[in-house]
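The values are calculated or read from the model by the stated rules, or taken from the named source; none is laboratory data. Being a predicted model, the structure only gives us computed values, none of them experimental. Glycine also receives a Cβ, built like all others from the backbone with ideal geometry; neighbour counts cover every protein chain displayed. Just so you know, the surface numbers come from the protein's heavy atoms only, side chains and all, with ligands and any DNA or RNA stripped out. Shrake-Rupley method; radii C 1.70, N 1.55, O 1.52, S 1.80 Å.
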Amino acid sequence: MHHHGYLWLGSGHDLLKDGPRRPLHPEFTRSRVVPLELAHWLLKPPDFIQGTWTHPAEAARWFGDRVREHAASFASHHDRAPETLSARDRGVAEAVAGGEDVAGGWYLTGRRFLSVCLVACGPHRLRPEIPCPRRRT
């Protein structure tokens with residue numbers, strides 16, 4: 001079991017276009033926007049993978065680091081509060097240690113949206129038919 005990390009930062013308006021977020025849509029594999037279902041990240045090109053971790057603590061740390069990089073731009077004061085970020089870190093660590101997927105999404109200033117995801121693989125618990133992507137080296 002391992003986790004792949006995915007990050008998307010883009011226009012919040014792109015989230016409203018659900019066609020490219022579905023695997024059957026012709027733009028799906030080219031679109032970096034977060035898919036509607038987390039397991040569908042595994043159908044995207046391996047180059048979209050930001051990192052792969054076999055150790056849950058490392059995956060959780062990557063997630064927390066990405067969130068903190070953007071926290072100052074969160075539209076919600078509550079979401080950027082240190083106690084909220086710490087609580088999220090604990091929840092992410094527990095979920096990843098249990099082999100679960102983790103998704104975080106935040107509206108940022110300037111009508112932007114940040115999505116940070118960890119998708120379990122080897123195989124995926126809910127979609128075992130989706131093969132694990134391998135990043136080309």
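A few comments on the model shown:
- Of all residues in the stretch 1-20, those that are of a type in the set (A, V, I, L, M), open to solvent by 40 Å² or more (accessible area, probe 1.4 Å) and part of a helix (DSSP H, G or I) total 1.
- Out of Ala87, Ala71, sole residue that is surrounded by fewer than 17 Cβ atoms within 10 Å (Cβ to Cβ), over 25 Å from Pro128 (Cβ atoms) and small (Gly, Ala, Ser): Ala87
- Selection status of Val34, surrounded by 19 or more Cβ atoms within 10 Å (Cβ to Cβ), in a loop (DSSP other than H, G, I, E, B) and touching a strand residue (DSSP E or B) at 6+ places or on another chain (Cβ under 8 Å): yes
- So Glu69, is it outside any loop (DSSP other than H, G, I, E, B) and not aromatic (Phe, Trp, Tyr): yes
- Residue pairs meeting the criteria (Cβ under 8 Å; at least 6 apart or on separate chains; first under 14 Å from Pro128 (Cα atoms), in the stretch 28-47; second crowded, with 16+ Cβ neighbours inside 10 Å and of a type in the set (Ser, Thr, Tyr)): Trp41/Tyr6
- Among (1) open to solvent by 40 Å² or more (accessible area, probe 1.4 Å); (2) over 22 Å from Leu16 (Cα atoms) - the single one Thr109 does not satisfy: (2)
- Residue in the stretch 10-24 that is touching a His at 6+ places or on another chain (Cβ under 6 Å) and free of Cβ contacts under 8 Å to residues at least 60 places away in the same chain present: yes
- Screening the stretch 37-52 for residues that are in contact with a Phe, Trp or Tyr (Cβ under 9 Å, 6 or more places away or on another chain) and part of a loop (DSSP other than H, G, I, E, B) and picking the one that is farthest from Ala103 (Cα to Cα) gives Lys44.
- Verdict on Asp79 being among the charged types (D, E, K, R), modelled with pLDDT under 95, more than 21 Å from Ile130 (Cβ to Cβ) and touching a strand residue (DSSP E or B) at 6+ places or on another chain (Cβ under 8 Å): no
- Check on Ala103, assigned to a strand (DSSP E or B), open to solvent by 40 Å² or more (accessible area, probe 1.4 Å), under 19 Å from Phe48 (Cβ atoms) and in contact (Cβ under 8 Å) with a residue 12 or more places away in the chain: yes
- Annotation note: of Ala120, Ala93, Ala60, the sole residue that is open to solvent by less than 40 Å² (accessible area, probe 1.4 Å), among the aliphatic types (A, V, I, L, M), assigned to a helix (DSSP H, G or I) and in contact (Cβ under 8 Å) with a residue 24 or more places away in the chain is Ala60.
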